[in-house]
1. Right, residue 166: surrounded by fewer than 17 Cβ atoms within 10 Å (Cβ to Cβ) and within 22 Å of residue 308 (Cβ to Cβ) or not?
2. Filtering segment 354-388 down to residues that are part of a helix (DSSP H, G or I) and touching a strand residue (DSSP E or B) at 6+ places or on another chain (Cβ under 7 Å), which residue is modelled with the lowest pLDDT?
3. When segment 171-212 is examined, which residues are found to be among the hydrophobic types (A, V, I, L, M, F, W, C), outside any strand (DSSP E or B) and either under 21 Å from the mean Cα position of the chain (by Cα) or closer than 16 Å to residue 312 by Cβ (or both)?
4. Going through 44, 35 one at a time, which residue ends up being of a type in the set (Gly, Ala, Ser) and free of Cβ contacts under 8 Å to residues at least 60 places away in the same chain?
5. Applying the selection to segment 149-168, what residues are among the charged types (D, E, K, R) and within 20 Å of residue 302 (Cβ to Cβ)?
6. Restricting segment 221-239 to residues that are polar (S, T, N, Q) and surrounded by fewer than 20 Cβ atoms within 10 Å (Cβ to Cβ), which is nearest to residue 286 (Cα to Cα)?
Amino acid sequence: MSIPPRTLRPPRIAVVGAGLGGLILARVLQINGRSVTVFEREASPDARPQGGTLDMHASSGQIALRRAGLLDRFRALARPEGQEVRLLDHTAAVLRHWRPADGDDDQPEIDRGQLRGLILESLTAGTVRWGRTVDRATPLGDGTCRLLFADGGTEDFDLVVGADGAWSRVRPALSDATPAYTGVTFVEIGFDDVDTRHTGLARLVGDGTMAVYGDNRTLSAQRNSNGHIRVYAAFRGPENWHVTAGLDLDDAAAVRACLLTMFDGWDESLLNLLRDNDGGFANRSLFTLPVSHTWEHVPGVTLLGDAAHLMPPFGVGANLAMLDGADLAEALVTETGVDEAVRAYESVMLPRSAKAARFCAEALGVLFAPDAPEGAPRFYDRLNSSGS
């Protein structure tokens, strides 16, 4: 498709979704003097909890933060000690224990909400239009793209970037792909004030992550800031496992009893992760896009982050989304036109995300398998020996 010549006016750029990748894109554009508008369906930055802790990789997420001029502010909040990993067996015996060396900041942890807030604070006031729900994006054939909003309004842009996550409303403009259930479900469990109220759990988890792998099931725990620990009971089963089990997910006692049965025979210190939590249980079925998800280039629209490459949560997704945002922004600043910038960005992003998705698919297969108790330590050893 040939694109007609444009006037010299600044390009109109819209980002759909105020997640980490979309916000980094906006930040890098703004520090380079470019205009951008972010549309977010949530009513405010605090409309919902932002999730757990993230490890920001020196080779991806930290590169994006450096390009955004935010690396020092990130380091002031990050927790290098959170790189500690303890791998246990079902008897609570320690199989592997990795501690970060002094000065190691290759993958420090930070709460997702803290990181999002840091980027939001750096943006020009009014950049994000809260409570603005996008229904769909329609390329117009002349290199521009139209956004249709839930209230019936429309706006046209020279570039629409779908940064709106797993169930993206922008993706259908480029791809027929939809997320598919992986066969694995995570049930999230929370603990507050662990260093005073749950001291046994605090000792078990340490400063970072603790994980135990069994036959098609796992218990893992991650320390967040402010004395909070998130626990995940994860297992292979149907997406509607709770319906099959006759459970109401709002019935915490019934969910707890079911999970305790599922992990029967594991050490009592591990079962306490299912017994003593503060609050209820949050069901999180795991969905992914095809490993090699791609699309034919369409002028006026592209994707980043989970909208482009949704994959299992093994420490890759947020880092890639932020690197996507930084790469696209820099291409928009340095290339001669919007379409040239998007083509350059997609030529790098698509193969990079396919490689990461293959790794995450492999990890899911190894860590949620009948032989996971033997396979998981070998997999972790391979990761550490390769420096990944």
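1. For residue 166, the condition - surrounded by fewer than 17 Cβ atoms within 10 Å (Cβ to Cβ) and within 22 Å of residue 308 (Cβ to Cβ) - is met.
2. Ranking the qualifying residues of segment 354-388, first place goes to 384.
3. Residue satisfying the conditions is 177 alone.
4. None of the others qualify; the one that does is 35.
5. 155, 156, 158, 164 - these are the residues of segment 149-168 that are among the charged types (D, E, K, R) and within 20 Å of residue 302 (Cβ to Cβ).
6. 225
For every residue, the table says whether it meets (1) over 18 Å from the mean Cα position of the chain (by Cα); (2) within 30 Å of residue 300 (Cβ to Cβ); (3) of a type in the set (Ser, Thr, Tyr).
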| position | (1), (2), (3) |
| --- | --- |
| 29 | yes, yes, no |
| 38 | yes, yes, no |
| 61 | no, yes, no |
| 110 | no, no, no |
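Matching residues to (1) of a type in the set (Gly, Ala, Ser); (2) in the same structural domain as residue 51 (by TED's automatic domain parsing); (3) more than 24 Å from residue 79 (Cβ to Cβ):
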{"site": "205", "(1), (2), (3)": "no, no, no"}
{"site": "208", "(1), (2), (3)": "yes, no, no"}
{"site": "213", "(1), (2), (3)": "no, no, yes"}
{"site": "219", "(1), (2), (3)": "no, no, no"}
{"site": "224", "(1), (2), (3)": "no, no, no"}
{"site": "228", "(1), (2), (3)": "no, no, no"}
{"site": "235", "(1), (2), (3)": "no, no, yes"}
{"site": "254", "(1), (2), (3)": "yes, no, yes"}
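The values are calculated or read from the model by the stated rules, or taken from the named source; none is laboratory data. All values reported here derive from a predicted model rather than from experimental measurement. Heads up, the Cβs are rebuilt from the backbone with ideal geometry, glycines too, and the neighbour counts pull from every protein chain shown.
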